[in-house]
Every structure is written in C-alpha cells, then in structure tokens.
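All of the numbers you see were taken from the coordinates with simple rules; none came from a lab. Values in this document were obtained by computation on a predicted structure and should not be read as measured data. Glycine also receives a Cβ, built like all others from the backbone with ideal geometry; neighbour counts cover every protein chain displayed.
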Amino acid sequence: MNTAKYKTFLVETITQKEMLENQKADLLSQLNRANSLLESLRIAQDIMNQVGVLAQSEIKDVIEHLVSLALQFTHGPNYAFEMENRVVRNQPETYLYVIIDGQRNSLKDELGGSVVDVVCFALRAVFWAIQVPRTEPVLLLDEPFKNGGKQEALCEMMRHLSDLLDLQFVIITYDSRIVGIADSCYQVTQPNGISKVERLK
C-alpha cells in the first residue's frame with residue numbers, strides 16, 4: 001500500500017481546511033463589523049427621525065394657529081387647521097388636515113376649492129415668515145383664489161396676514177373685488193399686441 005500518496009493527500013486536505021477556516025473566521029469578523037455598523041446606522045437614523053419630528057413640532061403650533069386664523073376669517077369659526085408629524089418609511093412626514101366642526105379632513109378630501117386655496121395661501125405666507133434666512137417681504141401670487149369663495153372675507157384675511165407678518169402681496173388677478181382692497185393697482189392690456197401698463201390707483 002502506497003502510504004506516501006495518502007500522506008500527501010492528508011497534508012493537502014488539512015492545509016486546505018485550515019485555509020478555509022481562516023477565511024471563514026475573516027468573513028465572520030467582517031460580518032460582525034458590518035452588523036455593528038448597520039446597527040449604528042439604524043440608531044443614527046432613528047435619532048435623525050426623532051430630531052426631524054421635534055424640529056417640526058417646534059413650528060407646528062405657529063403654522064396651525066396662522067392657517068386656522070386664515071380659515072376662520074374666510075369660512076367661519078368652525079374651521080381650523082391641524083398638522084400631524086409621523087415617522088413613515090424611516091423618515092419624518094407631515095400630514096395636513098382641515099378641521100370642520102371637529103371632524104378631521106385630509107386636503108385630498110372634497111373640501112371645496114376655496115378651502116384649499118386659503119390653506120395654500122396661508123401656508124405660503126407662514127413658510128415665508130419662518131424661513132431662515134428670510135427673503136425680501138414680498139410674495140408674488142397668480143390668481144391665488146381662483147376657486148372663488150367669500151371675496152370680502154378673503155380680502156380681509158389677506159390684509160390681516162399682511163399686517164401681522166409685515167408682508168407685501170403682489171397679486172395677478174382678473175377679480176375686481178381684490179383690486180378694491182389693493183393699496184396700488186396696475187392694469188395690463190395688450191392693444192395691437194403691445195403690452196400697456198396703466199396705474200388705476
């Protein structure tokens with residue numbers, strides 16, 4: 001019996017086994033480091049999400065109050081605005097609701113276009129007020145109340161927000177009732193295809 005052949009085979013097998021065990025140990029070590037890093041990243045993500053929710057909560061009351069004020073000016077005291085901050089799909093998200101007679105309604109619900117117009121208008125003004133650094137105190141809006149509504153109340157709300165935030169609204173509109181409350185008004189016409197600007201007041 002040729003024992004040398006088997007001895008060589010045995011040595012090679014043992015060597016290969018030791019090499020594979022070393023590779024396995026290295027891979028397990030890398031896997032443990034990767035799992036540890038992944039856990040650290042999960043913890044960091046949770047912290048960032050919580051910080052995001054807390055940061056949103058800091059301004060939540062201000063936004064809710066001012067948008068509710070705008071809705072109450074235009075639609076009555078039974079209207080309010082509410083925000084809810086949640087962590088969804090590992091990121092902070094904000095959900096917006098209009099409260100009517102205590103009932104929470106998503107902005108996707110059938111609320112009537114004028115309600116959505118007022119919420120959008122008020123949010124633009126509020127977001128301008130809380131941004132850092134702030135741009136010049138002017139918002140340019142094109143037909144912000146295209147869905148109609150109680151025009152006198154809308155005008156009153158605009159004037160109140162303008163005074164409250166020291167903010168100027170430049171509004172492009174065909175609605176003569178909005179023109180009525182403007183401090184300054186310009187009419188743009190196009191006789192013969194040439195733009196003509198005329199100051200009305």
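Pop the C-beta distance of GLU12 and ASN90 into the FRET formula with R0 = 35 Å and round what comes out to the nearest 0.05.
Once rounded, the FRET efficiency stands at 0.10.
With both labels modelled 7 Å from their Cα along Cα-to-Cβ, the ASP109 to CYS185 distance reads 3.7 nm.
Seen against the Cα atoms of the chain and their longest principal axis, helix 3-75 is set at about 10 degrees. So what is log10(I(q)/I(0)) for the chain at q = 0.09, 0.13, 0.18 1/Å, when the Debye sum runs over its Cα atoms only? One equal scatterer on each Cα of the chain leads to -0.55, -0.86, -1.24. In straight-distance terms, cross-link reach from LYS150 covers every one of the lysines whose alpha-carbon lies under 28 Å from its own, apart from those fewer than eight places away in the same chain; here that gives LYS60, LYS108, LYS201.
Segment 50-144 gives an Rg/Rh value of 0.98, both radii derived from C-alpha positions and Rh following Kirkwood. Potential lengthening of the chain between ARG199 and LEU140 amounts to 19.4 nm, from the contour at 0.36 nm per residue minus the alpha-carbon distance.
Using a cut-off of 15 Å between beta-carbons, work out the net charge of the residues near ALA125 (Lys and Arg +1, Asp and Glu -1, ALA125 not included).
Counting the neighbours of ALA125, the net charge comes to -3.
Over segment 142-193, the reciprocal of the mean inverse Cα-Cα separation, the Kirkwood hydrodynamic radius, stands at 12.2 Å. In order along segment 132-141, the phi-based Karplus estimate (6.51 cos²θ - 1.76 cosθ + 1.60, θ = phi - 60°) of 3J(HN,Hα) comes to 9, x, 8, 6, 4, x, 9, 10, 9, 10 Hz; Gly and Pro are listed as x. Across segment 95-152 the C-alpha pair distances fall into 10 Å bins from zero in the proportions 19, 43, 30, 7 percent.
Excluding residues fewer than 8 places away in the same chain, name every one of the lysines whose C-alpha is closer than 17 Å to that of LYS7. Partners found: LYS17.
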